[in-house]
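Scroll down for the structure; my scribbles are underneath it.
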Amino acid sequence: MQELKDIDYALARILLDSVVNKTGRLTYKEIAEQLSVKLGRKINAHYNLTIPLVNVSSLCFSMGLPLLSANAVYSNATSVSTAVGEGFYSMACELRPEYRALTPVEAWKSERKRILQCKDWDKLDSFLSKAEGKEIPFVQKAPRVKDDPFYSWLSTTTTLAESSVYKYALAVDSISKEMIGFGVIKKPLREMNALDLDFYIPQILSDPRFVEKNTRGNNMYSNALKQFR
């Protein structure tokens, strides 16, 4: 296995948290957005994820764990066969030769079953925590979302599904970083008081760049802001 880079560590943490927090599968687009926030640079879902997904799966395999890349799927898929990433099957067959006797969908389902049944994620968490503690360049330790007050508030006062609560909590930080970069706001939303939020949230909601992002995300970002206020 080749030396891991910052994107590999960050990707492993994102995929691990999606499994531990039971938030369901992540689309490549969602993964790219989270990586862009964590690493402070634009990550393209089409061009920048292939090698990191291979590296993370190789890491998992070396630890005797399921291949976390099976938790990444295409967005807007109409069936399981169109949701499975094109590179997953070839990579999985290299690591698990027995998968060559299966179809791509069968191999993916088998790996997903391994993921759901696995109880040994602590060793990957420990490995990543040690790496994050060494302050690898540009890698930020993934937030423990369930310790976030906004997450807790959503969980206890709304009827939102856990996966939606998780995504909303992450969305607030994603919006903050982008809007600061665009000069729309000067500090993170989490550091604003009620008056600040009343002033800046409408500006964010009307910003054309946010409107485009929100449209692509099926209004998930605007819903997150409404809940945050």
Being assigned to a helix (DSSP H, G or I) and modelled with pLDDT of 90 or more narrows it down to one residue among 66, 52; which is it? 52
Candidate set: the stretch 7-37, residues that are closer than 16 Å to residue 55 by Cβ and of a type in the set (D, E, K, R); chosen: the one nearest to the chain's Cα centre (by Cα): 13
Any idea which of 213, 177, 186 is of a type in the set (Lys, Arg) and loosely packed, with under 12 Cβ neighbours inside 10 Å? 186
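The values are calculated or read from the model by the stated rules, or taken from the named source; none is laboratory data. Just so it is clear, the structure is predicted and the values come from calculations on it, not from any experiment. Here the Cβ is made from the backbone with ideal geometry for all residues, glycine too, and neighbour counts use every protein chain on show.
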